[in-house]
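The structure under discussion appears below in the form of C-alpha cells.
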Amino acid sequence: MRYLILILTFTSVSIFGQTWENIFKPTQNKYYKVLNSGGETYLLTNESYKLVIYRTTDDGSSWQKIQENKKSGTIDHYSVTADITGNGNIFIPIGISGNITRLGFNPNSFLETFVETENSITTIKMKSDEHGVAGNKEELFITNNSWFQSKKITVNGLTSVWYNENNTISYISVDEKKETTFNFSIDNGESWNSSFVANFNAEKLYFINNNIGFIIGSLEDMETKPWTYTNLIYRTTNAGLDWNLVFKEKNEKISVLNDISFSTNEIGIASGFSNNVYLTYDGGKNWQNHKISGIGDNEYKLTACGFSNSKFIAAVNDYGIFALNEPLLSTEIYGTISDKYAYTIFNNEISFENYTKKAYQISDIKGNILQEGITFGNLKFGDIQEKHLIINLNNEFTIKLVK
C-alpha cells in the first residue's frame, strides 16, 4: 500500500477575496530578486549599484539587513539576476567582468569566481553549489565545480536558462522576428535539440520538475491605438518538446511579465509590473490576476515575486514588500506519491490527474466511515465537520488530513 500523509490547514475562503498587505519597506527601493531556501526568504536590492540583502526567518514578520562579509566589504555591482541553492548559498553575477559571487550566511562566506566574458551575465540557474548554468544574449556557460572552471558555448538571442534535476540543461532564445525557441541538452552541452514555442518576447524559463515547465513573457502591439500589451504563459508537460498557451491577458496599460516562482508543484506566482501579478493553484494550468492593492492605477512598478513559508511575496519597487496569506503554502508532506496520482487540493476538494474511477472511503481518526463511494477524479469533503480525516482510495494509498 502506498501512503501519503498530508498535514495542512484548509480555508473555506478563496484567496482571491483577500488583499495584499504591505509588510516591510526597506530603505533601498529597487528590488530585483526574491529567493527562498530552507524556510528563509531573501530580498536582493540594488541601490546606487550597491548590493543589500534582507532576510526573514519568521515568515515575513520581520526583515533584517544582512551585512556583507567583512573581508569583502561593500559589493559594488550591477545585476539583474541571482539564484539560491538548497544549502542557502546565493550566486550573483556582478558587473561586466564575468564575476559570479557566491554568498553564504549560515555561516558567513564569500567567494569570487569568473567566467570568460566581457558582457554582463543576465541569467543564472544553480542545480547545486557545484553545478550551474549562466548566460547572456550571446554566451552560455556551464560549470560542475562552482564556477572555478566553466564551459563556454556561443548562442544567439538567449534570455533565460535552467538546470533540471535530471541534468538537462536548457535555455530559451528570441530572434529578431521575436520567434521564441526552447533549446535543451542532455549531455552537458555537447549536443542540442530545440522546439519552437511561439512569437513573443520570452523573458523567463522555469521548471517545477523534469517534465513540467513554463515560459513567460509578453507581446507589444504598437499598431493599435492605444498600444496594447499582452502577457503570455506557455506550459510544457513533456520536458519542453511541446508548449501550450495556458494564459493570455491583453492590457491597454503598460505591462510586462518577467518573473515566476512555485512553492509546490501546484501553487505558483508570476509577476512583472504591480498591476500584473498572477496566481495558480493547479500546477500552472490556470492563472488569475491578483493585482496588488495600495498602488495607484496609473503607477506600474517592477515587481519581483516569491514565497515565504505561508505567504505569497511581491517586492514592488518604491513601495516595499507585500504579502498575501495562503495557508496551503504551509503544507507538510511526508512520503511520496507516484506521478500516476498527481493531485491538487483546494477549497476542500482533491482533484487527481490521469485518474480512472476508484472506490474511496473517508473516515475519522478512530476509523469510523463518514463517507464512501466512487470518485472519477474529484473528491469533495467540505461538508464533513471532523477536523481529522483519513481518505483511502481503493486500498492503493491513504491520505491523512488535518482540516
Next item on the list: Answer with yes or no whether L389 is assigned to a helix (DSSP H, G or I) and either touching a Ser or Thr at 6+ places or on another chain (Cβ under 8 Å) or modelled with pLDDT of 65 or more (or both).
Entry: no
Margin query: I'd like the full set of residues that are of a type outside the set (K, R), farther than 17 Å from N289 by Cα and at pLDDT 95 or above, limited to region 216-240.
Written below: T236, T237, N238, A239, G240
Checklist line | L219 being assigned to a strand (DSSP E or B) and more than 16 Å from the chain's Cα centre (by Cα) | finding: yes
Next item on the list: Looking only at region 237-281, count how many residues are farther than 19 Å from F312 by Cα and among the small types (G, A, S).
Entry: 3
Check: Residues in region 347-359: is at least one of a type in the set (V, I, T), assigned to a strand (DSSP E or B), under 29 Å from the mean Cα position of the chain (by Cα) and modelled with pLDDT of 65 or more?
Finding: yes
Margin query: I172 - would you say it is buried (at least 18 other Cβ atoms within 10 Å of the Cβ) and of a type in the set (A, V, I, L, M)?
Written below: yes
Next item on the list: Find the residue count for region 151-165, including only residues that are at pLDDT 95 or above, surrounded by fewer than 16 Cβ atoms within 10 Å (Cβ to Cβ) and part of a loop (DSSP other than H, G, I, E, B).
Entry: 1
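The values are calculated or read from the model by the stated rules, or taken from the named source; none is laboratory data. Just so you know, these numbers come straight off a predicted model, no measurement behind them. Here Cβ is always computed from backbone atoms with ideal geometry, including for glycine, and neighbour counts include all displayed protein chains.
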